[in-house]
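Data block below; observations after.
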Amino acid sequence: MHLSARTDTDFNRQTRDGGNIKGNDSGSASRISATKTALAALAALSLAGCSVSSAVNSQPDSQIVTSSVVKNVEQEGIEETDAELIKQTVADAELESLQSNLLAWSNPDTGNKGTIMAIEKFAGSHGQPCKKFRTTVDSFMGISLYNGETCELKKGFWVISWLLREKSE
C-alpha cells in the first residue's frame, strides 16, 4: 500500500474546485478508502489485545485450607425459605436440654411445616461443629422425609451441607 501526503497546493486546489482534487491525484479516493480500511483493521487488532487475560497463575493454591462452602447447595424439592428455617431450627437446638429429640417447625410464608428428629452432633472435616438430622416436610404436595446436614463455619453462621429427599420405595 502506498500512502502519499497532500501538499498545500493540493489543499488549495481542493478548496478552490469545490472539494475535488484534480490533476495527477486521480487515485486519491481509492487510497483514502484503503487508508481508512487499514486504520480500522489496526484499531481492531489493538483492541483485541484488551481481552487477553494476563493471569500469572491460573491454578488454585492447594496449600490454603478454608472451611468455606464452595457453592450454594440446591435443596431437592423444598422451598428455600423452608430449608433456611429447618437449618436455623437445627442450629439453635440445644440437644442436652431437649426432653425428646423432636423439634417442630412451621413456615407461615409457604404454609409448610414438619418435625425435625434424629439430630446428631459431630465434628466436621475441619473440626467445626456439625449436626445431621431428619425432618418431615408437610406441604400441599404431601408429606416427604428429608435427611440433611448443617455445619457452623464461624460463630453463629451455619450452612446446609446437604438436604435430600429420601426416596420412597
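Every number here is computed from the coordinates shown, using simple stated rules; none is lab data. No experiment lies behind these values; they were computed from the predicted model shown. Every residue, glycine among them, receives a Cβ derived from its backbone with ideal geometry; neighbour counts consider all protein chains shown.
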Within segment 104-124, track down each residue that is within 19 Å of Trp162 (Cβ to Cβ) and either in contact with a His (Cβ under 8 Å, 6 or more places away or on another chain) or without any contact (Cβ under 8 Å) to a residue 24 or more places away in the chain (or both). Met117, Ala118, Glu120, Phe122, Ala123
In segment 119-142, what residues are surrounded by 11 or more Cβ atoms within 10 Å (Cβ to Cβ), closer than 13 Å to Asp82 by Cβ and not small (Gly, Ala, Ser)? Thr135, Thr136, Val137, Asp138
Go through segment 112-164 residue by residue and tally those that are touching a Leu at 6+ places or on another chain (Cβ under 8 Å) and small (Gly, Ala, Ser). 1
I'm trying to understand the selection: among the residues of segment 134-156, which are touching a residue at least 12 places away in the same chain (Cβ under 8 Å), within 29 Å of the chain's Cα centre (by Cα) and either within 13 Å of Ala91 (Cα to Cα) or not in a strand (DSSP E or B) (or both)? Gly148, Glu149, Thr150, Cys151, Glu152, Leu153
